Amino acid sequence: MAQSLAASPFAIATRAVSKAATRNIRVTVAISLVLIAGSFASAAAIQMRLDRVRALDQASSFETRHAHELSGELAAALDRYAALGTAFANAASPDATAALSDAGGAALKNIVVLDANGGLLSEMKMAPGFLPIPGAALARARAGRAVIPLKDGTGFAILFASGEQIVAVELDARALLGAAGNATIAAKDGRVLALGADWNEMPPQATLQLNGADKATRELDFADGHRIVSIAAVAGWPLAVATSVRAGAALGAWYGSLPLYLFFIFGPALAGAGLAVVFVREFERRAKTAEAMKNLLAVKPADQRLYVRLADAERRAVEAERSKSEFIAHMSHELRTPLNAIIGFSEVIEQGLFGKAGHPKYAEYARDIASAGRHLHGKISDILDFANLEAGRHPVTLTNVDVAAITREAVGELAGRAFSRRIKLRVALPDAALATADALGVKRVLVNLLCNALQYTPEKGSVRVQLRHEDRTIVIGIRDSGYGFAANEKARAGQAFARFDRPGAVTGVGLGLAIAMVLARRMGGAVRLGGEEGEGGFAELRLPRA
């Protein structure tokens, strides 16, 4: 009974592991993904290795069959040429000789009859070039059959006894191999007698030796790659035929399957990672909810009421943000549309498109109405644009742009305003300067900064625009000879609706600098303001270099 109630060490360890896995869910999922991906990778690696070995075995088996077939064909051909040589040795008329020459075909170069000591008795076409024959080859020929290479390297000669005579048949290796470009004919000691066209390198002599066996398969490394070489003995002759195939050609299908292996490895791993992210987020969401409910039930009633109030305040804040967004979207249309109508109709009255007004004051008032409408339209547009920027709804597309060209364009648009107030506008810009930013946003910021500089600079003053490069930043500086900033104004400069009255200057709603700073931040840059009172002010637009 006591044993049944006591927990086993295995159960204790299982509960501990389960508790740790539940507590560190992300670590658990990461370890599981690594194990799953490792399992698939191991399985794919083993299968890739097995398929590679199978492909090489199939290529080796095919080359072995090919070498055996070629050795059989070569043995039959050599037997036929031996019969032609015997017939020539016994021929008595020139007509028979000519018939034997035609029967030999392109591979037959010459037939020579020698005495037992290797002396020349007769030849079919020409004097042989392989005399004198080594004594060891003559001895093998008298005892059976022998093969010697031709001195010009174009083939070999087969030697055999015919009565008291020795018959030598010279053969052309190229014609004898025919279309078998990957084949090689070698003597039993491994010396190459004929090399196919597909061989770019002479195989080592030791690799073509059979050492008493009928066939063999070897893998060799050549300059043009790894090769599988199969060797088969030629029945009845002291020769061997070798065929080869490049390992790359044998593994062509295997290489084509590599994308499938990669998909087998990464496909389940990526799918598992995606599902794990979804499950972990859902698990953590539910865990947070359960933990919050647990904590809520554990606290005092007064604290519970406080949490409820906090949740209600958060809900109200979300609703207020949504209401503000709806209000901005609605007002963007509802305010601008009647203002455009007011401006348009006042311009019609001012210009007298349907006839002159009854009194000159009407045209003057219409002009004032249009001016006030345009002024109000600009202020409303600034307010709505600032609200959209703060809410993150203003479209910003970051690309590589030439800020030097944009600065020239902005300066050109405001040159007339500077000229009308007799303000010197000095510009120092390079030919080009690339930054990562939004072209329209850069122009909007520069126009706002230039407008402020021109507005707060007295007549006959100066405004300087300069562009410089820093480590990873392009800085466009605008310095004026205006009033500058007082000590209590520096902290508020750039805040929304912050306005600073200046003698002789007409201030707006205080959103020009605020819009410029928010827009610069959206582009990954910043606007820096400064200047001492009475010494002029400066503004810098800093953007990341492309």
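The values are calculated or read from the model by the stated rules, or taken from the named source; none is laboratory data. All values reported here derive from a predicted model rather than from experimental measurement. Please note: Cβ atoms are built from the backbone with ideal geometry, for glycine as well, and neighbour counts cover all protein chains shown.
Pick from R65, R49: which is at pLDDT 85 or above and of a type in the set (K, R)?
After ruling out the rest, the residue left standing is R65.
Quick check on my filter: what residues within the stretch 153-165 are under 60 Å from the mean Cα position of the chain (by Cα) and surrounded by fewer than 17 Cβ atoms within 10 Å (Cβ to Cβ)?
G153, T154
Among the numbered conditions (1) closer than 11 Å to A404 by Cβ; (2) touching a Gly at 6+ places or on another chain (Cβ under 7 Å), tell me where P458 comes up short.
Status for P458: all satisfied but (1).
Looking at A103, A99, A168, can you tell me which residue is over 60 Å from the mean Cα position of the chain (by Cα) and either assigned to a loop (DSSP other than H, G, I, E, B) or free of Cβ contacts under 8 Å to residues at least 12 places away in the same chain (or both)?
Criteria check complete, one pass: A99.
Here's the yes/no breakdown for (1) modelled with pLDDT under 75; (2) assigned by TED's automatic domain parsing to the domain that holds F156; (3) aromatic (F, W, Y); (4) farther than 30 Å from D214 by Cα:
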site: G236; (1), (2), (3), (4): no, yes, no, no
site: T243; (1), (2), (3), (4): no, yes, no, no
site: A250; (1), (2), (3), (4): yes, yes, no, no
site: F264; (1), (2), (3), (4): yes, no, yes, yes
site: F279; (1), (2), (3), (4): yes, no, yes, yes
site: N295; (1), (2), (3), (4): yes, no, no, yes
site: R309; (1), (2), (3), (4): no, no, no, yes
site: A320; (1), (2), (3), (4): yes, no, no, yes
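Failed condition for R502, given (1) surrounded by fewer than 16 Cβ atoms within 10 Å (Cβ to Cβ); (2) at pLDDT 85 or above; (3) over 43 Å from the mean Cα position of the chain (by Cα), with all others met?
Looking at each condition in turn, R502 falls short on (2).
Looking at the stretch 440-469, which of its residues are under 43 Å from the mean Cα position of the chain (by Cα) and in contact (Cβ under 8 Å) with a residue 60 or more places away in the chain?
Once the filter is applied, which keeps residues that are under 43 Å from the mean Cα position of the chain (by Cα) and in contact (Cβ under 8 Å) with a residue 60 or more places away in the chain, the stretch 440-469 yields G441, V442, R444, V445, L446, N448, L449, L467, H469.
With the requirement that a residue be surrounded by 16 or more Cβ atoms within 10 Å (Cβ to Cβ) and without any contact (Cβ under 8 Å) to a residue 24 or more places away in the chain, what does the stretch 138-149 give you?
I148
Quick one: which residue in G461, G524 is within 22 Å of V427 (Cβ to Cβ), modelled with pLDDT of 80 or more and either exposed (fewer than 14 other Cβ atoms within 10 Å of the Cβ) or of a type in the set (G, A, S) (or both)?
None of the other options fit; the residue is G461.
With in contact with a Lys or Arg (Cβ under 8 Å, 6 or more places away or on another chain) and either closer than 25 Å to G190 by Cβ or in a helix (DSSP H, G or I) (or both) as the only criterion, which of I133, I158, I148 stands out?
I158
Does any residue of the stretch 429-438 turn out to be closer than 19 Å to I515 by Cα, free of Cβ contacts under 8 Å to residues at least 12 places away in the same chain and under 41 Å from the mean Cα position of the chain (by Cα)?
No - not one qualifying residue is present in the stretch 429-438.
Looking at the stretch 205-224 only, could you name the residues that are in a loop (DSSP other than H, G, I, E, B), modelled with pLDDT under 80 and farther than 24 Å from L159 by Cβ?
Within the stretch 205-224, A223, D224 meet the criteria.
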